[in-house]
Amino acid sequence: MFELNILFMNREGEWDFYWCDVGWMREYFDHTYMDEHVKICHFRNHYELTRKNLMAKNLKRLKKQLEREYGKLEAAKCDFFPTTFELPMEYHIFVEEFKRNPGTTWIMKPVGKSQGKGIFLFRRLKDIMDWRKEDPYRAAMSDERKDEKEPPEAYIVQRYVEDPYLIGGKKFDLRVYVLVTSYAPMCAWLYREGFARFSNTRFSLDSIDDTYVHLTNVAIQKTAPDYDAEKGCKWSLQQLRRYLVAKHGLEKVETLVRDMDNIYIKSIQAVQKIMINDKHCFELYGYDILVDSKLKPWLIEVNASPSLTASSQSDYELKCRLLEDMLHIVDMENRLTGREKRVGGFDLMWNDGPVYMDDTSGADCIPNPPYPTNTFLGCDNSDRDKQLKQVFKNAQAIKKT
């Protein structure tokens, strides 16, 4: 579902809203005339954030800038992504780091692929040499590139997070949704709902070749021999939040959530000045975040086209709510005032500066908020329908006056 392009057209055949893939943006965006009101679901150079190598490069640049301008303490706020090198360009620098840390586990990823394709773990440089010769996926890609006279495909190599937080002995990561409606000024919304994706097999560093242990992608996990389609490998973020609060207490969980807020904001700021802002564009990003055993969040990657394929009925309903609320914020019908801080499941977290919660917001989820920023990841969203009615009612009343 939802994997096809969606085009909303008027009676004259002119389109108003295009839910397109990133390939269309590359090929046609610069040559397409768009009326004032038209909206499209990607920014022109979205890849500055969503390609693994460019994301790492931009985050490294932001960290250096913060250290130069504000000192090491401020720069440390960017310490949320693993040590990363781009291959083949930074191979020699990587080898130096590799030799300084013998026995460390590393993970190799193609920069332009998704769903776990082409990923593997290693501990020896020899493993890279063997992989270059034997990996059928890479060999096929290399043959294609030779035919088309393209440069070799880029990969990133990252220090593997060896101590992930485990539940039931299994590793998981989080899928979080962030909606950016503008980069100049920067305006970003965080969705309350999302999910944790679990591996199908208990975690162990003794089996680094077992993708069912180390990769949480649904596309990988559903091929496991003992995968149960009914049971699946997902928890809602509400379930996960309740579990963590019961085990660690509210304050530690709130610290984790605010550290994740820092990830969204800093990663968007890392590309803010180079992103081509356009009033026609918005983007729904899928953030993949891993939590380690010390409750520290790590940014794994940012997806420009997060999967909207449903793996269960509850997943289907979540993604329908997500898309509906996204369309409310894009506001093609001009029903909102532009001053709303919550629209359905989306909470405004940045509007040319941090946004703070109202006194009554989130009282059910965060009774005495230690950090009053306007984000409620994993909090209750059951009042969504009622809240949306109130938002539109208030907006209508304000516009009448």
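The values are calculated or read from the model by the stated rules, or taken from the named source; none is laboratory data. These numbers were taken from a predicted model, which means no experiment stands behind them. Ideal geometry is used to build each Cβ from the backbone, glycine not excepted, and the neighbour counts take in all protein chains shown.
Data overview
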| quantity | calculated |
| --- | --- |
| Cβ-Cβ under 6 Å pairs, at least 6 apart or on other chains, the range 373-397 side farther than 19 Å from Leu323 by Cα and free of Cβ contacts under 8 Å to residues at least 40 places away in the same chain, far side of a type outside the set (Val, Ile, Thr) and surrounded by fewer than 19 Cβ atoms within 10 Å (Cβ to Cβ) | Asn374/Lys341; Asn374/Tyr356 |
| Residue match in the range 153-166 (condition: among the aromatic types (Phe, Trp, Tyr), at pLDDT below 95, touching a strand residue (DSSP E or B) at 6+ places or on another chain (Cβ under 6 Å) and not in a loop (DSSP other than H, G, I, E, B)) | yes |
| Flag for Thr309 being of a type in the set (Ser, Thr, Tyr) and either in contact with a His (Cβ under 8 Å, 6 or more places away or on another chain) or more than 17 Å from Ala188 (Cα to Cα) (or both) | yes |
| Residue count for the range 66-106, restricted to those that are surrounded by 15 or more Cβ atoms within 10 Å (Cβ to Cβ) and out of contact with any strand residue (DSSP E or B) (no Cβ under 9 Å at 6 or more places or on another chain) | 5 |
| The range 338-374: number of residues that are among the β-branched types (Val, Ile, Thr), at pLDDT below 95 and part of a loop (DSSP other than H, G, I, E, B) | 2 |
| Leu62, sole failed condition from (1) loosely packed, with under 15 Cβ neighbours inside 10 Å; (2) among the aliphatic types (A, V, I, L, M); (3) part of a helix (DSSP H, G or I) | (1) |
| Set Arg197, Arg202: member being charged (D, E, K, R), over 25 Å from Lys279 (Cα atoms) and assigned to a strand (DSSP E or B) | Arg197 |
| Unique residue being in contact with a strand residue (DSSP E or B) (Cβ under 8 Å, 6 or more places away or on another chain) and at pLDDT below 95 when the list is Ser236, Ser293, Ser199, Ser267 | Ser199 |
| Only listed residue being under 22 Å from Ile276 (Cα atoms), in a helix (DSSP H, G or I) and of a type in the set (Asp, Glu), chosen from Glu48, Glu67, Glu74 | Glu48 |
| Considering residues of the range 303-315 that are in a loop (DSSP other than H, G, I, E, B) and in contact with a helix residue (DSSP H, G or I) (Cβ under 8 Å, 6 or more places away or on another chain) only, the residue surrounded by the fewest Cβ atoms within 10 Å (Cβ to Cβ) | Ala310 |
| Positions within the range 309-361 being within 18 Å of the chain's Cα centre (by Cα) and aromatic (Phe, Trp, Tyr), in sequence order | Phe346, Trp350 |
| Residue that is in a helix (DSSP H, G or I), surrounded by 20 or more Cβ atoms within 10 Å (Cβ to Cβ) and among the hydrophobic types (A, V, I, L, M, F, W, C), where the choices are Leu318, Leu284, Leu327 | Leu318 |
